[in-house]
Amino acid sequence: MSWGTELWDQFDNLEKHTHWGIEFVERYTKFVKERSEIEVNYAKQIRNLSKKYQPKKNSKEEEENKYSSCRAFLTTLNELNDYAGQHEVIAENLTSQIISELTRFVQDLKAERKSHFHDGRKAQQHIENSWKQLEMSKRRFERDCKEADRAQQYFEKMDADINVTKADVEKARQQAQLRHQMAEDSKNEYTSCLQKFNQEQNEHYYTLIPHIFQKIQDMEERRIEKVGESMKMFAEIDRQVLPIVGKCLDGMTKSAESVEPKLDSNQVIESYKSGFEPPGDVEFEDYSQPMKRTASENSLSNSRGEGKDKPSGKSKPKLWPFIKKNKGSGPEDCSHLPPEQRRKKLQAKVDDLNKEIQKEVDQREALTKMKDVYLKNPQMGDPNSVDPRLSEISHNIERLKLEVQKFDAWLAEVEGRLPLRNDQSKRQSGLYDTQNNAPVNNNCAQDRESSPDGSYTEEQNSETQIKAPSTEFDDEFDEEDPLPIIGTCKVLYPFEGQNEGTMSVAEGEMLYVIEEDKGDGWTRVRRSEEEEGYVPTSYVEVFLEITKGAMTYI
């Protein structure tokens, strides 16, 4: 079916319909453009989300990547970033393959439609002008016929009247003949115009208009076909990225399947293992025997309180009164860490230094080969130009080797000390029998109990800061009466007393014990009359004194 034959009289409706068709294409183009903007914004939000949860540099989150679940999450974030990239590809393809194409197509469509309907209006105007000419010739013929009839009737009347002169009759006759001739001419002209109009009308409705309408129909069908292709492309653009999106999702699934709970659980042990032995059994303390205690877990502060008429319950349990003042990473030899953690830190440092040495060695070998090539082929370069760099590398290697030796010495010291901890535990457990069931509390378990977060508190690292009042130590230090010496202790590990109330000690140093561990993991010691403070109980080995038949213990 053709618009030219079926819709020959629907010029205005076709004009409205084609205008609506172009508006439809523009509306669909706007829809695709908004979809593209949504994809761009979605991809941007996904990328921002992935970036937000990426581990920051030099942060605790980087250390968490040693756990399989954290590595899986990092892989998921990377896959999600690639996933966002595919949505950006969708937006780009929508813009280049649909929006740009439809925009150009609509411009061409508007120009073509304007040309076709201009030709249609021109043809319509022409047939209307021909119709007007036909009407004018028809009215002229009609008017001339009427004039000829009136002239004929006037002539016949004059001819029948005997009172009219012969000249007047002749004049009337000539006028009638003239009018008949004019009517005949108008008839011929009307006949000619009629034939011409019929011919033009036939050509207009059977040739010209069908041809124009056929072009308009072809244009409309191309418009519909283009819209259909665009809709198909709209779906195909999404389908093109599905394989890559599927790979991203497969990567997320694979990373999730790589999570190993047992491995992460063992990693916790490796991360926080201190290397200390668990505490021994607490021995029974027989209070039924008459004894005079110079110091005990609860009576030491009370004895001082009695001398000042203070209530016997003044002493408060010390939970974790020391506030970390310095947030440094600790000394270079990691002596602030427990043995096991110190060993790991030192071993990691040795491994890093060895890697740096290997890099320098590789560079030295490469430069040596380059120098050999220059020696054999002087035109390629000056061999002496390599010497400064070789000298610098040799210096770096020597420096790194000295560093390795230094850390190896510390590492050997730690590794040699770890087994001694077991022997020391045996010595301490044997001490129970020799001191009449006096319990020893220098253990790391109490140190862990004294920390509010349950972590090992001796590390004093920069990530653990416990805020608690330290006024209790200040009150005790302000007391005028010096505390009596209840024993001695030997320092097993060096300790940097950077917090208020603590005291720095060196390994192997002998100190006086003036206040025993009250369950918070700290022992108060004295070096001289004016220098005293607290040290971790697990860092010292305590030897108690027997005073007047009574025994003190910690």
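The values are calculated or read from the model by the stated rules, or taken from the named source; none is laboratory data. Just so we're clear, the structure is a prediction, and the values are computed from it rather than from any experiment. As a convention, Cβ positions derive from the backbone with ideal geometry for all residues, glycine included, and neighbour counts pool all protein chains shown. With ligands, DNA and RNA removed, areas are computed over all heavy atoms of the protein, side chains included. Shrake-Rupley method; radii C 1.70, N 1.55, O 1.52, S 1.80 Å.
Here's the yes/no breakdown for (1) more than 25 Å from Tyr272 (Cα to Cα); (2) over 18 Å from the mean Cα position of the chain (by Cα); (3) of a type outside the set (D, E, K, R):
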| residue | (1), (2), (3) |
| --- | --- |
| Glu39 | yes, no, no |
| Lys44 | yes, no, no |
| Asn48 | yes, no, yes |
| Lys52 | yes, no, no |
| Pro55 | no, no, yes |
| Cys70 | no, no, yes |
| Asp82 | yes, no, no |
| His87 | yes, no, yes |
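Considering each residue of the range 83-92 in turn, none proves to be farther than 30 Å from Leu49 by Cα, open to solvent by 80 Å² or more (accessible area, probe 1.4 Å) and modelled with pLDDT of 90 or more. Residues of the range 100-123 that are surrounded by fewer than 18 Cβ atoms within 10 Å (Cβ to Cβ) and more than 17 Å from Asp218 (Cα to Cα): Ser100, Glu101, Thr103, Arg104, Arg121, Lys122.
Considering the range 495-554, the residues that are at pLDDT below 75 and crowded, with 23+ Cβ neighbours inside 10 Å include one that is farthest from the chain's Cα centre (by Cα), namely Tyr553.
Count, please, the residues in the range 44-65 that happen to be hydrophobic (A, V, I, L, M, F, W, C) and at pLDDT below 85.
Looking only at that region, the number is 0.
Taking (1) open to solvent by 70 Å² or more (accessible area, probe 1.4 Å); (2) in contact (Cβ under 8 Å) with a residue 12 or more places away in the chain; (3) not in a helix (DSSP H, G or I) in turn, Lys56 satisfies each apart from (2). For Phe24, the conditions (1) among the aromatic types (Phe, Trp, Tyr); (2) open to solvent by less than 100 Å² (accessible area, probe 1.4 Å); (3) outside any helix (DSSP H, G or I) are fulfilled apart from (3). Residue pairs whose Cβ atoms lie under 9 Å apart, sitting 6 or more positions apart in sequence or on different chains, and linking a residue in the range 271-299 that is among the aromatic types (Phe, Trp, Tyr) and in a loop (DSSP other than H, G, I, E, B) to a partner that is surrounded by 13 or more Cβ atoms within 10 Å (Cβ to Cβ) and modelled with pLDDT of 70 or more, are Phe276/Pro338; Phe276/Pro339; Phe276/Glu340; Phe276/Ser538. Scanning the range 152-210 for residues that are open to solvent by 70 Å² or more (accessible area, probe 1.4 Å), under 30 Å from Glu6 (Cβ atoms) and aromatic (Phe, Trp, Tyr) yields a total of 1.
Conditions (1) open to solvent by 50 Å² or more (accessible area, probe 1.4 Å); (2) within 30 Å of Arg113 (Cα to Cα), marked per residue:
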position	(1), (2)
Ile224	yes, yes
Gly228	no, yes
Met231	yes, yes
Val245	no, no
Ser255	no, no
Leu263	yes, no
Gly275	no, no
Pro279	yes, no
Ser288	yes, no
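Residues in the range 484-497 that are touching a His at 6+ places or on another chain (Cβ under 9 Å) and not in a strand (DSSP E or B): Pro494, Glu496.
Against the conditions (1) within 28 Å of Ala84 (Cα to Cα); (2) open to solvent by less than 10 Å² (accessible area, probe 1.4 Å), Met219 satisfies every one except (1). Filtered by the rule that a residue be among the hydroxyl-bearing types (Ser, Thr, Tyr) and open to solvent by 70 Å² or more (accessible area, probe 1.4 Å), the range 1-21 gives a lone residue, Thr5.
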